[in-house]
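The values are calculated or read from the model by the stated rules, or taken from the named source; none is laboratory data. Quantities reported herein were computed from a predicted structural model and do not represent experimental measurements. As a convention, Cβ positions derive from the backbone with ideal geometry for all residues, glycine included, and neighbour counts pool all protein chains shown.
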Amino acid sequence: MADVTLPSLGESVTEGIITQWFKKVGDAVARDEPLFEVSTDKVDSEMPSPAAGVLTQILAEEGDTVQTGARVAVIDESGVPAAPETASPATSSPTSAPPSAPSSVAGAPVALVGSGTNGATGVVVSPVVRRILMDGGVEASTVTGTGTGGAITRRDAERAVSLGPTEEVVVALSNGQRRMGQHMSVSMLSAPHGFVAVEVDASVFDELDSQGRETHEGFTITDESVVTVAAVRALAEFEFLNATFADDQLTVHRTISVGFTRHVEDDGMLVPVVHAAAGLTLRALSRRTAELDERLSSRQLNADDLMGGTFTVASATSEHTLWTEPIIIQPEVAILSVGAVRHVPVVVTRDGAPSLEVGRRVILGLSFDHRVCDAAAAAKYLERVGELLAGLDVASER
């Protein structure tokens with residue numbers, strides 16, 4: 001027998017909520033096959049099976065909060081999957097036997113015969129089901145699940161997509177959307193927000209475009225990475241912005257760990273963190289952010305990747321975004337927003353005469369905690385970021 005335990009989900013994360021079992025008792029399980037999904041305060045993760053065999057016990061039900069290291073299931077490594085259509089005479093009776101479940105086909109989730117509960121509220125769907133519904137343009141809340149406890153199976157999703165959406169419904173928020181809403185609400189209530197925006201010279205991007213948008217290691221150099229390098233270096237002169245505020249106490253951090261806002265489809269926003277960012281070249285920062293983005297897209301981020309930030313950068317949401325006024329990620333005290341880098345008409349003076357030329361500009365914004373900073377200091381920080389941005393030696397840092 002092999003015990004299935006809840007593994008460590010990251011430093012300082014001690015528990016998680018079981019949101020979905022992908023297998024039921026009696027099912028065959030392959031080693032490293034997704035067995036269940038767990039949700040923490042920071043991230044939802046699929047947990048692989050530690051062994052191959054038959055799932056004989058489930059010790060933590062969906063919705064249970066489980067401590068890391070606790071047993072959640074048992075796998076019989078020498079077991080044989082039960083045949084659902086063959087009832088044992090010793091355990092079945094004409095009056096009390098539950099209806100038998102049809103066997104799964106080609107690994108599809110087993111669907112129990114019965115009415116099931118409506119998926120409008122509280123039903124958690126697996127990632128594969130979520131993708132089928134999303135690609136088919138069908139809201140999970142419109143689908144009646146036939147799985148255990150009203151869960152939506154793959155067959156339910158495929159059937160719903162083939163029929164198409166039929167009615168308007170109230171859509172339940174995902175765990176990630178709820179967490180994001182809670183964090184942002186707390187931030188707005190606890191920190192007196194201020195905001196300043198400054199337009200700065202972005203001619204460094206002309207140099208970057210002429211030399212190429214790849215580092216010598218082959219990683220893409222984004223506008224976000226270029227601005228972040230300047231922003232991190234400016235924090236050395238504005239240390240009070242690289243800080244956290246908790247329990248009426250300001251902690252100024254010597255290590256700069258930068259978070260980057262990332263939109264997650266149907267799951268709100270996550271903020272992966274590049275730890276110890278001070279001193280990183282443009283090349284190194286581009287590599288670190290690319291690695292984080294790859295883990296995000298493959299759902300391999302762990303809690304440590306999402307914790308410990310001391311300052312956050314929020315990039316333009318589209319090429320037409322001039323600026324955004326982001327909410328501070330608590331317990332941090334500031335968040336930098338980066339607008340789209342644009343070609344704009346610029347007034348220049350040559351030989352004492354003003355004239356119009358085409359230039360590159362970007363608007364930088366800073367949301368700040370008024371307990372720590374004021375508008376004048378915030379503007380000075382943004383102007384310093386602009387100076388460092390204009391002086392960045394792209395050729396040596398690629």
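Is it fair to say Gly79 is at pLDDT below 85, of a type outside the set (Ser, Thr, Tyr) and surrounded by 15 or more Cβ atoms within 10 Å (Cβ to Cβ)? Considered against the rule, which asks whether it is at pLDDT below 85, of a type outside the set (Ser, Thr, Tyr) and surrounded by 15 or more Cβ atoms within 10 Å (Cβ to Cβ), Gly79 comes out as yes.
For the range 291-329, the set of residues classified as of a type in the set (S, T, N, Q) and not in a helix (DSSP H, G or I) consists of Ser298, Gln300, Asn302, Thr310, Thr312, Ser315, Thr317, Ser318, Thr321, Thr324, listed by residue number. Check the range 275-291 and report whether any residue there is surrounded by 14 or more Cβ atoms within 10 Å (Cβ to Cβ), touching a Gly at 6+ places or on another chain (Cβ under 9 Å) and of a type outside the set (Lys, Arg). Yes: the range 275-291 contains one or more residues that are surrounded by 14 or more Cβ atoms within 10 Å (Cβ to Cβ), touching a Gly at 6+ places or on another chain (Cβ under 9 Å) and of a type outside the set (Lys, Arg).
Answer yes if at least one residue in the range 195-211 is under 16 Å from Glu397 (Cβ atoms), without any contact (Cβ under 8 Å) to a residue 24 or more places away in the chain and assigned to a helix (DSSP H, G or I), and no otherwise. Scanning the range 195-211, I find at least one residue that is under 16 Å from Glu397 (Cβ atoms), without any contact (Cβ under 8 Å) to a residue 24 or more places away in the chain and assigned to a helix (DSSP H, G or I), so the answer is yes. Report yes if some residue within the range 175-186 is of a type in the set (Gly, Ala, Ser), outside any helix (DSSP H, G or I) and surrounded by 13 or more Cβ atoms within 10 Å (Cβ to Cβ); otherwise report no. No - not one qualifying residue is present in the range 175-186.
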